[in-house]
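Engineer: Quick one: this structure, given as structure tokens, is what I'll be asking you about.
The values are calculated or read from the model by the stated rules, or taken from the named source; none is laboratory data. No experiment lies behind these values; they were computed from the predicted model shown. We place every Cβ from the backbone using ideal geometry, glycine too, and count neighbours over all the protein chains shown. With ligands, DNA and RNA removed, areas are computed over all heavy atoms of the protein, side chains included. Shrake-Rupley method; radii C 1.70, N 1.55, O 1.52, S 1.80 Å.
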Amino acid sequence: GVLSSSAVAQSADAAQLTVFAAASMGDVMRDLAPLWKAQGGDAFRTSLAGSSVLARQIQQGAPADVFISANAAWMDLLERDGVILPDTRSDLAANTLVLIARDPKAAPIAPGQDLAAQIDKRLGNGRLAMALVDAVPAGIYGKAALETLGAWPGLAPRIAQADNVRAALALVASGEAPLGIVYATDALAEPRVRVIASFPPGTHPPIRYPVAAVAGGHDAAAGAFLAFLRSPGAAGVLRAHGFLPAPER
Amino acid sequence: MEDWLGPEEWQAVALSLRVAFWATLLSLPPGIAVAYLLARGRFPGRHLLNGLVHLPLILPPVVTGYLLLLTFGTHGPAGALLRDWFGVVLAFRWTGAVLAAAIMAFPLMVRAIRLSIEAVDPKLEQAAGTLGASRPVVFVTVTLPLILPGVLAGAVLSFAKAMGEFGATITFVSNIPGETRTLPSAIYTFLQVPGGEDAALRLVAVSVGIAMGALLASELLAARMARRAAGA
Amino acid sequence: MEDWLGPEEWQAVALSLRVAFWATLLSLPPGIAVAYLLARGRFPGRHLLNGLVHLPLILPPVVTGYLLLLTFGTHGPAGALLRDWFGVVLAFRWTGAVLAAAIMAFPLMVRAIRLSIEAVDPKLEQAAGTLGASRPVVFVTVTLPLILPGVLAGAVLSFAKAMGEFGATITFVSNIPGETRTLPSAIYTFLQVPGGEDAALRLVAVSVGIAMGALLASELLAARMARRAAGA
Amino acid sequence: MNDGVEIALRHTHGDFRLAVDMTAPRGVTALFGRSGAGKTTVVHAVAGLLRPDAGRIAVNGEVLTDTARRVFVPPHRRRLGYVFQEGRLFPHLSVRGNLLYARRVTGKGAAGGEFDRVVGMLGLGGLLARRPATLSGGEKQRVAIGRALLSAPRLLLMDEPLAALDDARKAEILPYLERLRDAADIPVIYVSHSVAEVARLATSVAVLSDGRLVRCGPVADVLSDPSAVRALGVREAGAILTGRVAEHHDDGLTSITVSAGQVILPRVDAPIGSAIRVRIAAQDVMLAREVPNQISALNILPVEVLALRGGGGPGVVVQLGSGTDRLLARITRRSADALALAPGMHCHALIKSMSVARWDVGQQAR
Amino acid sequence: MNDGVEIALRHTHGDFRLAVDMTAPRGVTALFGRSGAGKTTVVHAVAGLLRPDAGRIAVNGEVLTDTARRVFVPPHRRRLGYVFQEGRLFPHLSVRGNLLYARRVTGKGAAGGEFDRVVGMLGLGGLLARRPATLSGGEKQRVAIGRALLSAPRLLLMDEPLAALDDARKAEILPYLERLRDAADIPVIYVSHSVAEVARLATSVAVLSDGRLVRCGPVADVLSDPSAVRALGVREAGAILTGRVAEHHDDGLTSITVSAGQVILPRVDAPIGSAIRVRIAAQDVMLAREVPNQISALNILPVEVLALRGGGGPGVVVQLGSGTDRLLARITRRSADALALAPGMHCHALIKSMSVARWDVGQQAR
Ligand SMILES: Nc1ncnc2c1ncn2[C@@H]1O[C@H](COP(=O)(O)OP(=O)(O)OP(=O)(O)O)[C@@H](O)[C@H]1O
Ligand SMILES: Nc1ncnc2c1ncn2[C@@H]1O[C@H](COP(=O)(O)OP(=O)(O)OP(=O)(O)O)[C@@H](O)[C@H]1O
Ligand code: MOO
Ligand SMILES: [Mg+2]
Ligand SMILES: [Mg+2]
């Protein structure tokens, strides 16, 4: 049974659309599927992994038609290498960076308060959970924000870097770290943590999810899918998961 | 049960079983051969071969996956060769997941079998020689039956590792449902999105259940072999 | 050389060595004990113990890391106990990396040692018994010396795995330069950013070099033990 | 009886059934029997390497195994020396390490002088640094003997210890075992296929056949019983004379006073007056009605025919009374007829002194 | 010479040096020597399990090893049957699987009838389904013998094959080996500690001591040579009489015509007229100047004293001419003096018929 049941998946259906999407887009992609189908689209399949992994695979000839990245740098690289179709590139959504605490009764930090000082104070001896500050986008944005706030030199040695945002979230949720810096979308779904501050947009480069069609893929289908992603229905799904509409470039 | 896991999840279970099965089966013959060479061979490149076999253990899985992607990917030299000559495509196919799992599990399998070969008394092999058996025949009729417990141990380690392998697989063949989304990839997918822990936990349970079943079966089989050898 | 790798990278190398060393060393005694129990024990929970030992192999490393976090973290039951009773803190410390590496490598070590124990002729242990040696003494004076090759094999597998372990480590103790940033974590970091391949490759080379050295040393040591046993 | 080893066993191995009740008294008990008779199984049970289905084993009154009372002393607390049928040397230890193993693990064991003595007797001096893998078959067996002897046991189990050794080496080892038996006064259970080998040592003999005990008793009784001839094998039948050393002659011979007179043997290394035992194989005894002259046999004893027992073959076994001792003679039926042998008849037994093998002479066990 | 096994070896194992040049002709060559003398090393070299430092080994003219010409035929192409000193049964195969191994791997090997015959002789019928782990020591040895016999070898190497067996079993196996030797006409190299065991079989004897060959030659010559007594051990000295079966008597005895007259033995299972060999141990021969009357010894042969050889001890070995044969007698110096034995003297040898052990009687090798 095991062997025959999966004969379905024998090989990539020539006409089937394949979307390579950053892992954090997993939920969104799942909720988009019925919507796309309702519009008359054929079933598509999504490969979810870290943006860097997907980007490298696309570089190496992966059968992707559409790439949704959580990281502009990788999309830039693909664009430079000519692996994606630059004309089809746009930003799908935006996100914000928030400070979360484990303590459910933790007082929110009012927009006027000195964020850096508050973090320093509330952290105490604990660690600040972030994604890898040199490698993973959430960490890179977070580091930029802390630098802007002038808190970086003091906090750098007290940061626990996880390999992705979800792991950073888990560090706070499990009580391992009292505070963490994650995306608003992640904080939204974790009941054990509380958002106590948002980083002002100006403290870090804008958080964008670029999307583009991959060269050599099913151009027509990819184009239709990209259009669908910009449709109000898709925007609604994104919003429901906490993403913000991307400002026009 | 059908309700407990969604169809995509069942697909991942089936795929993982398939991948682990083939990875184990296909790596057995080379695993035995390499183990024999390392245990008994006295050729110059021995230490190099030994190092090579251990590489997947030493490297972070992502690196192994990346190297596989560069070698066996669509543009990789070995990948192109396999495709043009044998019509075998590994990149982004479940066959590639088999390769990744097999490579990651290979050092474990080889070590287990090698230890068993080293424990075989060469005097028995000598005795078989005096009875007219050439070296290959000695291997098949004496050495192999005697190392069966080690081969079984190697196979089970390999299977378990193949069921759990994630880093190299997702890096090499990505995470495509029905094609390369194995159980660990599915678990990862759930863990990456808010609120996916429950679903992940269910898959972990399935994965553990399967592997434990295989483990138990192997233990019982080994016990039976031991009993038979003791003459009961 | 100093120029070839930056100070942070040297730090990662030193840390990885330290972690792999301690992970291997500390898991040897429990590894031998568990292997002995599994090979020779006939107690009811045997299959359960066996399954437990194999869990880190079966589970995706991230899951293992997550479970470690829940158990040995500051708020985990075992973590609190260790801190309050022994003053040992694992969370975010290199000691935690040692634990993660040890746990991930444990099934490999146990299997290797167990296979060796199963190859020891119980008749020799019986003979030692008739000469007045109690079971623990028999173990230390007969079984242990006879399984040294297997223990060595287990240690080397364990060391190699500890050098390569990434998923469980970063999930459990995250990536703190100088404290928990092991070689694989550093490599992973480089691989995440476009153009980081060269730096990653340098670290991979260091990692492979170290592990190959350990491997070669273990092979030579094993060959010497074999020669001594053969009486040369 | 509290002395010696009491053995009562019931055990089943597949088709093989063992049912033995016997006592091995102080001294050496020889365990005989054909291949597969159950000898090793009995010894294993005594050593505690086998838990019998049912049974009781006690050494000098101390219960080691009693299935009814659920007593089972583990092997390492039984304090016994076991020479295994198949060597079982520790491959990772040198010959020295093997020999000193018991001392190392128990802190007890033989003292240094004893070590040198055993090493010398067994000819292991040049091998001490070697590993078992490099030893010849006989060398391995000698190390195994030494290892058991040096464990200062209170019970010695020897399973065909000398099978792989040449006669000259046997002749060196047997007197040592004899001294050990007399000095240390420990029970020894000695499995062998050769009566000649153990007749000198043994105080008792037990004969196993198909897992059952067919004969058991003092060595002189069993060996001089013509009905035991079949159980022991024709070549092995013989009897034991007990006597005392009377005189050592200049030409290398020794006179022994036995109950019926004197016998002369090649030099016996025992002081004058010491009690010794001489085994005389049934096949080495000739009978004559008159004392022959001018013959090379030095030993001629007056005997009385007690019984004749024939088998299917051409031979008969004649049981003879010689003073208070018994002798066996195995001759052809034709000769018996020619001599008209009959119970009650008096005649002469001719024993070639040289046919009394050196190691058939032993100091009598107390 | 192209027949038989030519062996020339130089080899060093640590301190041990082997230097042997000998030929084992067709028939059985007995290899004697004390423990550690190098017997197994020689046999290993013949089997191809040892590559000697230097040497040449040829069987019936076919070179198997020649270090000078870099010839080394691997063991599996040497077509030999090897009974190892330590069994080496395949633990994963049943007794039947072990016995049939050679047939399975070579497609050749003994036919079905032979299988039944070997199984019957070795008493393995009830054990065929068992694994070696459950066999007794002697049972293992019997399986090892059967395995080698059933491999249809052109050369048989037997390293103390009967050491673990009782006399009754030996008496069953030896006639089989004898038939094999005569029917298959293959060279056999037979390592043993017991001259009695192989005197019946052996055509030649080679005696090793410390890695060197000290005696080598036809069995009758070596065994009747008083100077070999020391090399073989005192108890083992003896000579071989050759003769023909003359008559089978009703009382179970058989008359044998030898060059000096007749001897009477327990029934010999050979047709009248067949040539046989009788081993007479030196210790079983008495000398008398007159023919005694009324004595149970049936065999009295006229002999001439050829030589007397004394050692340090109280015994002397007397070499006797008996027709065209030679006999050895081992008696005390005291008796020799009493009888005033001297070369050239004529006297009578008394041989107890029963002391000629059954298995010392063998059909003469061609
Ligand atoms: N690897 C080795 N190193 C040193 N000495 C060795 C080695 N192998 C064998 N020997 C020695 O070579 C000698 C001959 O050994 P071999 O096995 O031929 O003796 P053997 O005549 O068969 O004796 P036995 O009757 O005891 O079996 C022995 O003294 C043995 O100790
Ligand atoms: N596990 C088993 N299953 C079946 N039979 C067994 C088992 N173990 C032993 N036996 C049988 O028990 C019998 C007694 O064995 P044991 O080893 O005591 O014989 P032994 O008298 O020592 O013989 P030997 O002189 O040949 O060593 C043998 O016939 C053997 O085949
Ligand atoms: O080698 Mo891993 O870290 O178990 O995928
Ligand atoms: Mg036995
Ligand atoms: Mg030998």
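Engineer: Expressed as a whole percent, how much of the Cα-Cα distance distribution for chain A exceeds 21 Å?
Structural biologist: The proportion of pairs with Cα distances above 21 Å equals 59 percent.
Engineer: Among bridges DSSP assigns within the protein assembly as shown, what percent are antiparallel (round to 5)?
Structural biologist: 75
Engineer: Solvent-accessible area per residue for region D:58-157 at a 1.4 Å probe radius, Å²?
Structural biologist: Spelled out: the 1.4 Å probe surface of region D:58-157, per residue, equals 36 Å².
Engineer: Accessible surface of residue D:345 in the full protein assembly, 1.4 angstrom probe, to the nearest 10 Å²?
Structural biologist: So the heavy atoms of residue D:345 present about 30 Å² to solvent.
Engineer: How would A:65, A:76 line up by accessible area, probe 1.4 Å, largest first?
Structural biologist: Putting A:65, A:76 in descending order of accessible area: A:76, A:65.
Engineer: Rounded to the nearest angstrom and ordered from largest down, what semi-axes does the equivalent ellipsoid of chain C get from its C-alpha gyration tensor (root of 5λ)?
Structural biologist: They are 35, 23, 14 Å, listed largest first.
Engineer: Right, something else. Compute the acute angle (0 to 90°) between the alpha-carbon long axis of helix E:137-149 and the principal axis of greatest extent of the alpha-carbon atoms of chain E; round to the nearest 10°.
Structural biologist: The helix E:137-149 is inclined about 80 degrees to chain E.
Engineer: Would you calculate the convex hull of the Cα atoms in region B:172-232 and tell me its volume per residue in Å³?
Structural biologist: Once divided by residue count, the hull of region B:172-232 is 103 Å³.
Engineer: Then there is this: Sort A:147, E:178 from largest to smallest accessible area, using a 1.4 Å probe on the heavy atoms of the protein chains.
Structural biologist: So, going from the largest accessible area down, we get A:147, E:178.
Engineer: What are the residues whose amide H is under 5 Å from the amide H of residue E:331, where those residues sit 5 or more places off or on another chain and H is modelled from the backbone?
Structural biologist: E:316, E:318
Engineer: When Cβ neighbours within 10 Å are restricted to other protein chains, what is their mean count per residue of peptide C:186-199?
Structural biologist: Neighbouring Cβ atoms belonging to other protein chains average 6 per residue here.
Engineer: Please work out the Cα center distance from region C:29-45 to region D:318-353, rounded to the nearest Å.
Structural biologist: 67
Engineer: State the percent of C-alpha pairs, over all pairs in region C:148-196, separated by a distance greater than 15 angstrom.
Structural biologist: Cα-Cα pairs in region C:148-196 separated by more than 15 Å: 54 percent.
Engineer: 7 Å from Cα along Cα→Cβ at both residue A:30 and residue D:62: what's the point-to-point distance in nm?
Structural biologist: 7.1
Engineer: Also: Heavy-atom accessible area of residue C:99 with all protein chains present, probe 1.4 Å, nearest 10 Å²?
Structural biologist: My reading of the accessible area for residue C:99 is about 40 Å².
Engineer: Give me the inter-chain shielding for B:201-207: mean count of other chain Cβ atoms within 10 Å, whole number please.
Structural biologist: 2
Engineer: Any chance you could check the Cα centroid distance between region E:249-297 and region E:63-121 for me, in angstrom?
Structural biologist: 40
Engineer: Can you pull the one-decimal nm distance between simple spin-label points at residue C:8 and residue A:38, each 7 Å off the Cα toward Cβ?
Structural biologist: In this crude label model, residue C:8 to residue A:38 measures out at 4.7 nm.
Engineer: Which value, in square angstrom to the nearest 100, describes the accessible area buried between chains E and D on both sides, using a 1.4 angstrom probe?
Structural biologist: About 5000 Å² of accessible surface is lost on pairing.
Engineer: Given a Förster distance of 30 Å, report the FRET efficiency between residue D:71 and residue D:185 from their Cβ-Cβ distance, rounded to the nearest 0.05.
Structural biologist: 0.75
Engineer: Could I ask something else about it? Can you pull the accessible area of residue D:194 for me, 1.4 Å probe, Å² to the nearest 10?
Structural biologist: 30
Engineer: Leaving ligands, DNA and RNA out of it, report the carbon-plus-sulfur percent of the accessible area of region D:5-234 at a 1.4 Å probe.
Structural biologist: Using a 1.4 Å probe with all protein chains present, region D:5-234 comes out at 50 percent carbon and sulfur.
Engineer: Rounded to the nearest 100 Å², what is the buried accessible area between B and E, both sides summed, probe 1.4 Å?
Structural biologist: 1900
Engineer: Please list log₁₀ I(q)/I(0) at q = 0.21 Å⁻¹ for region C:19-137, using the Debye equation with identical point scatterers on the alpha-carbon positions.
Structural biologist: The calculated log intensity ratios at q = 0.21 Å⁻¹ are -1.20.
Engineer: Give me the Debye-computed log₁₀ of I(q)/I(0) at q = 0.09, 0.11, 0.13, 0.15 Å⁻¹ for region E:5-234, equal point scatterers on Cα only, no solvent, two decimals.
Structural biologist: -0.36, -0.54, -0.76, -1.01
Engineer: Apply 1/(1 + (r/R0)^6) to the Cβ-Cβ distance of residue C:71 and residue B:135, taking R0 = 56 Å, and write down the FRET efficiency to the nearest 0.05.
Structural biologist: Approximately 0.65, to the nearest 0.05.
Engineer: Let me ask another. Taking every DSSP beta bridge with both residues inside chain D, roughly what % is antiparallel (nearest 5)?
Structural biologist: Once the DSSP bridges in chain D are tallied, antiparallel ones form about 80 percent.
Engineer: Continuing with the same structure: Which value in Å does the Kirkwood hydrodynamic radius of the protein assembly as shown take, with 1/r averaged over all unlike C-alpha pairs and then inverted?
Structural biologist: Here the Kirkwood hydrodynamic radius works out to 37.3 Å.
Engineer: Another question, then. Which angle from 0 to 90°, rounded to the nearest 10, does the C-alpha axis of helix E:112-122 make with the longest principal axis of chain E?
Structural biologist: For helix E:112-122, the angle is close to 50 degrees.
Engineer: Would you mind getting the Kirkwood hydrodynamic radius of region E:134-204 from its Cα pairs, rounded to one decimal in Å?
Structural biologist: After inverting the pairwise mean of 1/r, the radius is 12.6 Å.
Engineer: Further question: For helix B:144-164, report the angle its Cα long axis makes with the longest principal axis of the Cα atoms of chain B; keep it between 0 and 90° and round to the nearest 10°.
Structural biologist: Roughly 10 degrees, rounded to the nearest 10.
Engineer: Follow-up. Could you give the dipole magnitude of the protein assembly as shown about its Cα centre, charging the beta-carbon of Lys and Arg +1 and that of Asp and Glu -1, in debye to the nearest 20?
Structural biologist: Charge dipole of the protein assembly as shown: 2800 debye, to the nearest 20.
Engineer: Which value results when the Cα radius of gyration for region C:112-219 is divided by 2.2 N^0.38 Å?
Structural biologist: 1.58
Engineer: Amide H to amide H under 5 Å from residue B:181: which residues, 5+ apart in sequence or cross-chain, H placed 1.01 Å off N in plane?
Structural biologist: Excluding prolines and chain starts, which carry no amide H, the hits are B:176.
Engineer: Shifting gears a bit: Which value in Å is the Kirkwood Rh of region D:238-363 over different Cα pairs?
Structural biologist: Averaging 1/r across every pair of different Cα atoms and inverting gives 14.8 Å.
Engineer: From the P(r) of region B:1-79, could you give the percentage of C-alpha pairs in the tail past 17 Å?
Structural biologist: Everything past 17 Å amounts to 69 percent.
Engineer: Work out the mean other chain Cβ neighbour count within 10 Å for the residues of B:104-114 and drop it here as an integer.
Structural biologist: The per-residue average across the peptide is 3.
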